[in-house]
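All remarks here apply to the structure that follows.
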Amino acid sequence: MAVRDEPLTRPAQTGRVAAGAAALAAIGVLLGGALLGLVQEAAHGWESAAAAFDLYLLRVARFTLWQAALSTLLSVAPAVLVARALARHPRFFGRAFILQLFAVPLALPAIVAALGVLALYGRAGYFAPVFTALAGERWQGIYGLPGILVTHVFFNLPLAVRLLLAALETVPADQWRLSAQLGMGPIASFRFIEWPVLRAALPGVAGLVFMLCATSFTIVLTLGGGPRATTLEVAIYQALRFDFDPARAIVLMLVQVALTGTVVAILSRMGASMTGDTSLPVAPRRALFPGRGETSLNAVFILAALVFVAGPMAAVVAAGLAAELLRLAGEQAVQAATATSLLLAILAASLCLILSAALVVARRALELARGAAKPSLLEMAADTGAALVLIVPPVVIGAGWFILLRHVGDVFAFAPVMVVTVNAVMAMPFAVRALRPAYDAASARHERLCAALGIAGWNRLRFVDWPAMKRPVATAFAFAMALSLGDLGVIALFGSESVQTLPFLLFQRMGSYRTDDAAGLALFLGVLCLALMFLAAHWGREGR
């Protein structure tokens with residue numbers, strides 16, 4: 001087994017390092033091309049770009065940060081109560097189902113969730129008569145900031161609950177036994193046992209939720225409700241797709257990148273993780289004896305969260321089943337969009353795996369080659385290069401290439417290439433997280449033996465690496481494919497009548513007020529993405 005004081009020889013690492021360097025170069029080309037498009041346009045119209053720093057920009061930037069802060073508060077604060085309630089009751093009927101249900105929003109495309117929220121709280125939603133009676137006038141729907149907040153909380157409350165619950169599960173059982181022996185009540189247990197763990201986890205959880213809300217595109221595009229509820233990403237899309245004002249788009253993109261980069265830098269200094277692991281261990285047996293009053297209060301917290309999360313999903317299913325599914329399935333446009341979505345998702349997931357595996361292999365080779373020395377710049381880039389794409393949202397990358405490619409030819413003809421490459425790179429942080437532990441463990445076991453026997457290249461991949469990697473690879477592939485399948489960010493810019501995906505077609509049907517068709521398409525898309533995510537979770541559990 002190769003260890004730090006036995007570095008690999010150069011022939012053993014050259015190929016793997018070269019693969020990692022090529023993957024980093026591909027990421028650099030994607031990000032650099034977008035930057036080139038911005039710089040090139042700014043050089044031609046810097047005066048108009050400077051004029052874009054106006055009150056509209058200030059209002060959009062302020063709303064972006066304000067809605068993200070509110071969404072984070074409304075997601076994380078209740079999540080503390082729900083996670084603690086679940087932790088205080090590690091064994092009860094239905095607990096496993098609740099945790100599985102809380103994983104579903106992670107797999108739902110944003111546009112599907114937005115339709116679910118509208119089906120419940122929209123002008124013609126299930127709760128519209130109740131709100132009309134309470135307000136004394138006709139309910140106008142939930143567009144604008146309220147709709148954005150509700151949908152963001154739907155996505156991020158379950159995520160925060162699972163992350164905080166995972167933190168609480170790390171409390172040693174001895175501490176719970178000691179608290180029971182000392183007769184500590186719920187307040188004392190929270191103060192001395194649970195709060196220190198939650199306090200350490202909260203910055204990372206809140207930072208992750210804030211970044212997800214600050215860079216939200218589909219939800220704001222669908223539920224924003226006008227200029228008063230527009231974020232930077234949606235403003236970029238509008239400036240290019242509707243107004244074709246590259247100067248304003250450039251300014252908006254620069255502000256967006258500056259804000260996200262600043263937030264990521266602050267979170268990194270705080271030690272916050274930008275890709276939280278939401279997998280949960282089996283609930284441990286603890287010496288917990290909550291009283292009747294505490295049990296009732298915890299049941300209220302859990303039930304309220306369950307109803308809130310399950311409501312939009314049930315509404316999507318109900319509205320989808322009420323649509324003419326057979327007619328939709330037989331439409332040529334729907335069939336073509338489904339085939340296009342699946343093809344682009346497969347290509348994006350395949351490219352994502354190739355790039356992610358190259359970075360994982362290169363990082364490990366560089367780590368072994370340096371021995372006890374400090375990591376090189378290339379190793380650090382291979383370690384964090386995939387996560388850096390989170391600083392630049394997909395709409396920003398697509399917008400930069402949109403500006404660049406309009407000088408080359410028909411922008412919309414590049415739609416398949418842009419959708420595949422951008423979605424592949426944006427899924428890389430999650431794919432690397434799935435692949436790296438398995439590959440590092442296999443390398444630690446077999447590296448020295450492979451070097452002694454001269455096993456390399458195809459033979460090593462076939463007989464050594466692949467048996468250990470096949471299930472993580474399947475997990476990463478399914479996850480990347482699901483993310484690409486439900487994405488609307490890039491196709492919203494490059495989509496046209498000739499290249500349409502299911503999310504793009506769904507958004508078009510919503511825009512033309514064909515709500516029944518949109519509901520049916522949302523059900524199709526949701527089922528596809530959920531099936532892929534369940535496969536990813538199943539393969540991931542079997543691979544442990």
Check your understanding: How much net charge surrounds residue 198 when only the other residues with a Cβ under 15 Å from the Cβ of residue 198 are counted, with Lys and Arg +1 and Asp and Glu -1?
Key -> +3
Study note, to complete from the structure: By the C-alpha gyration tensor axes a ≥ b ≥ c (rounded if a/c is under 1.5, else prolate when a/b exceeds b/c, else oblate), the shape of the chain is oblate
**Study point:** Cα gyration tensor shape for region 82-134, rounded if a/c is under 1.5, else prolate or oblate
**Key:** oblate
Practice item. Filter the DSSP H helices in the chain by two things, a Kyte-Doolittle mean of at least 0.5 and an axial alpha-carbon span of 24 angstrom or more, and list the hits by number. Key: 10-44, 55-88, 145-168, 195-214, 246-269, 292-322, 332-370, 466-485, 515-542
Exercise for review: Calculate the length of the line joining the C-alpha centroid of region 296-315 to that of region 390-436, in whole Å.
Suggested key: 37
Review point. What does the highest-first list of 31-37, 405-411 look like by mean Cβ count within 10 Å?
Key: 31-37, 405-411
Exercise for review: Report the calculated FRET efficiency for residue 406 and residue 339 (r = Cβ-Cβ distance, R0 = 25 Å), to the nearest 0.05.
Suggested key: 0.35
Check your understanding: Based on the Cβ-Cβ distance of residue 445 and residue 513, what FRET efficiency does E = 1/(1 + (r/R0)^6) give at R0 = 60 Å, to the nearest 0.05?
Key -> 0.50
Study note, to complete from the structure: Output ordering of 227-237, 330-340 (per-residue mean of other Cβ within 10 Å, highest first) is 227-237, 330-340
Review point. So how do 120-130, 417-427, 99-109 stack up, highest first, on mean other-Cβ count within 10 Å?
Key: 417-427, 99-109, 120-130
Practice item. Tell me the label-point distance for the pair residue 327, residue 527, using the 7 Å Cα-to-Cβ offset, in nm and rounded to one decimal. Key: 1.8
Study note, to complete from the structure: Given the candidates 90, 126, 142, the one whose Cα lies deepest towards the positive end of the charge dipole of region 42-159, counting +1 at each Lys or Arg C-beta and -1 at each Asp or Glu C-beta, is 90
Review point. Which value, in debye to the nearest 20, gives the size of the charge dipole of the chain about its Cα centre, when Lys and Arg are +1 and Asp and Glu are -1 at the Cβ?
Key: 1600
Practice item. Figure the gain on full extension for residue 70 and residue 300 (residue separation times 0.36 nm, minus the Cα-Cα span) and round it to one decimal in nm. Key: 80.5 nm
Study note, to complete from the structure: Expected unfolding gain across residue 266-residue 22 under the 0.36 nm per residue rule, minus the alpha-carbon gap, is 84.9 nm
Review point. Local charge sum around residue 101 (other residues, Cβ-Cβ under 13 Å, Lys/Arg +1, Asp/Glu -1)?
Key: +2
Check your understanding: Quick one: Cα centre-to-centre distance for region 135-156 and region 26-87, in angstrom?
Key -> 22
Check your understanding: Any idea which of 219, 386, 231 is furthest toward the positive side of the dipole for the chain, if Lys and Arg beta-carbons carry +1 and Asp and Glu beta-carbons -1?
Key -> 386
Practice item. Mind giving me the nanometre distance, one decimal, between the label points for residue 192 and residue 96, set 7 Å out from Cα along Cα→Cβ? Key: 3.5
Point to revise | Cβ-based net charge around residue 298, under 10 Å, with every Lys or Arg adding one and every Asp or Glu removing one | key: +1
Review point. So how much slack lies between residue 308 and residue 466, counting 0.36 nm per residue of separation and subtracting their Cα-Cα distance, in nm?
Key: 52.7 nm
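Each reported figure results from applying straightforward, stated rules to the coordinates on display, with no laboratory input. Quick caveat: nothing in here was measured; it's all calculated off a predicted structure. All Cβ positions, even for glycine, are placed from backbone atoms using ideal geometry, and neighbour counts span all protein chains on display.
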